[in-house]
Amino acid sequence: MKIMLASKIEGMITGKNLHYSGSITIGRDLMADTNLIPFEQVHVLNKSNGERFITYTLEGKGREIILNGAAARLGEVGDEVIILSYEICWGG
């Protein structure tokens, strides 16, 4: 069994919503481009400040990337981020 990178988005934070229970909103265009689905676990790496965290996706509009809840404290609008998802592969 191996854990392999399934998708990667390189983008910029376009919004923050501190008063939400948590997650990251990713625009439907970006999600479609990378085969992400709502509520999928993702790892978020903030290139601007070095923060790294794990959360789940919500579908948004266009190509937006919005940090929600506690994650909103881990980045600022304009920060460059990498969003990664993984899949488990069998074999070797």
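Below are the figures for this structure:
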| item | result |
| --- | --- |
| Phi-based couplings in Hz for the range 46-63 (Karplus 6.51, -1.76, 1.60; Gly and Pro marked x) | 8, 5, 7, 10, x, 5, 9, 8, 10, 8, 10, 8, 10, 7, x, 9, x, 10 |
| Computed magnitude of the charge dipole of the chain (debye, nearest 20; Cβ of K, R +1, Cβ of D, E -1) | 120 debye |
| Under Karplus coefficients 6.51, -1.76 and 1.60, residue-wise ³J(HN,Hα) of the range 32-39 in Hz, glycine/proline x | 5, 4, 10, 6, 7, 10, x, 6 |
| Residues SER23, SER48, sorted so that the one with the fewest Cβ neighbours within 10 Å comes first | SER48, SER23 |
| Three-way shape call for the range 2-86 based on the alpha-carbon gyration tensor, with the a/c threshold at 1.5 | rounded |
| The range 12-26 - phi-based ³J(HN,Hα) in whole Hz, Karplus 6.51/-1.76/1.60, Gly and Pro as x | 10, 5, 9, x, 9, 9, 5, 8, 8, 6, x, 2, 10, 8, 10 |
| Candidate lysines - alpha carbon under 22 Å from LYS61, same-chain residues fewer than 8 apart omitted | LYS8, LYS16 |
| Gain upon complete extension [ASN35, VAL77; 0.36 nm per residue less C-alpha separation] | 12.7 nm |
| Neighbour-count order for THR34, THR25, fewest beta carbons within 10 angstrom listed first | THR34, THR25 |
| Exposure proxy ranking, count of Cβ atoms within 10 Å, fewest first, for ASP79, ASP33 | ASP33, ASP79 |
| 13 Å Cα-Cα reach of LYS47 towards aspartates and glutamates, excluding residues that sit fewer than 8 places from it in its own chain | GLU10, GLU76, ASP79, GLU80 |
| Other-chain or far-sequence residues with amide H under 5 Å of GLY60's (modelled H) | ILE26, GLY27, ARG28 |
| For TYR20, distant residues with modelled amide H under 5 Å away | GLY69 |
| Cut-off 14 Å between beta-carbons: net charge of the residues surrounding LYS16, Lys and Arg +1, Asp and Glu -1 | -3 |
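The numbers here are math on the coordinates, done by the rules we state, and not lab data. For clarity, every value in this text was computed on a predicted model and none was experimentally measured. All Cβ positions, even for glycine, are placed from backbone atoms using ideal geometry, and neighbour counts span all protein chains on display.
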